[in-house]
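The values are calculated or read from the model by the stated rules, or taken from the named source; none is laboratory data. What you are looking at is a predicted structure, and each value in this text was computed from that prediction instead of being measured. Because the Cβ atoms are built from the backbone with ideal geometry, glycine has one as well, and the counts that use them run over all protein chains shown.
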């Protein structure tokens with residue numbers, strides 16, 4: 001291996017590993033394969049690196065024999081190791097002679113117009129195209145006569161948990177755009193970005209049909225009004241692909257990249273948010289069968305069995321914090337409401353990691369936090385996730401991961417009870433949670449009837 005090829009070899013090896021790690025699949029690759037015109041591939045930029053676009057570049061290298069030149073953030077020019085890597089890969093930060101030469105050879109070009117605006121956001125702002133009114137990519141495509149090929153993927157905004165908006169903080173501090181992205185604070189499975197790898201989210205990529213910018217006549221590079229009209233068309237297509245990849249549209253057959261890089265047929269799964277894992281309707285179904293007094297007695301009985309010597313203390317806690325009027329308007333003003341009690345307990349339990357106790361209080365929070373007269377809002381699955389994230393920020397990534405795993409395990413359990421189980425009251429839910437978390441044996445299934453004795457043998 002020569003020194004000139006070292007960056008490329010390192011890059012390809014790394015992204016082959018990441019392709020397996022993220023169980024990458026792609027649909028629509030035929031729009032970019034042999035015989036197609038050179039195109040400007042414009043994609044949504046997920047958290048951290050644009051993982052899906054990097055893996056797409058690897059896939060095109062394997063299929064077409066070249067690594068598509070990619071427009072990258074100008075910040076790489078001020079960090080020597082990144083500049084060495086970018087230059088060795090043939091990546092560019094703007095229009096250049098190298099880019100013109102690549103297009104002249106018929107090569108595709110990759111760009112993510114959203115850049116750090118999309119990649120370095122808080123977890124509260126996910127899967128939303130945010131390109132503003134930046135139309136530079138359109139001018140580039142028109143200059144070189146390139147088609148626009150829109151690309152978007154599910155899973156890319158779940159690879160890191162962003163805790164702030166890096167570019168916004170950079171602007172407030174008056175930093176140059178090149179130095180705004182290092183201010184992003186995000187959590188991965190082993191700590192903070194960029195020192196932690198991403199979460200192993202499944203990446204499902206959709207490549208849309210090409211957009212011919214000249215279909216409705218020529219567009220002047222300085223005709224901003226027409227450029228903005230084209231821009232709105234492109235961003236709408238990318239947003240539609242994002243929504244479809246996440247499962248809000250019809251299911252599609254995808255092309256999965258296996259360990260050996262071969263194309264395999266796979267069926268796309270739905271990528272859901274927390275409020276989709278357990279819907280408001282399912283919460284209401286469970287709440288219709290829920291009785292606060294019954295759940296309180298269930299909890300007290302459980303803790304008495306576990307800590308018999310503290311039964312008096314348990315009764316006192318129950319009386320002060322759990323035996324509350326169901327209508328919050330009748331509660332004394334100095335008493336913590338049931339909903340706020342559960343918010344506090346969720347944070348405390350999330351700070352200790354996940355498990356059955358946290359799962360129980362996830363259920364309790366959803367039941368006690370449902371909107372009632374005098375109560376401003378629900379406790380939703382999304383709010384519970386936010387509480388867990390906040391607790392994890394202060395107590396460590398290990399607690400965050402355990403608690404988040406508990407939430408993602410518990411919500412589908414509750415959804416299944418709401419949709420399929422005949423008994424949905426608090427006792428039934430409590431029993432199912434104990435079974436799922438290994439604290440109670442599953443109910444015995446009726447066995448076959450006993451075999452009648454045969455005729456007695458003669459001796």
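For residue 118, indicate whether it is under 22 Å from residue 48 (Cα atoms), at pLDDT 90 or above and in a helix (DSSP H, G or I). When the stated conditions are applied, residue 118 passes them.
Taken over region 40-66, the residue count meeting the criterion of being crowded, with 22+ Cβ neighbours inside 10 Å and farther than 30 Å from residue 161 by Cβ is 1. Residues in region 79-114 that are modelled with pLDDT of 90 or more and closer than 21 Å to residue 52 by Cα: 107, 108, 109, 110, 111, 112, 113, 114. Please tell me if residue 48 is part of a helix (DSSP H, G or I) and touching a helix residue (DSSP H, G or I) at 6+ places or on another chain (Cβ under 8 Å). No.
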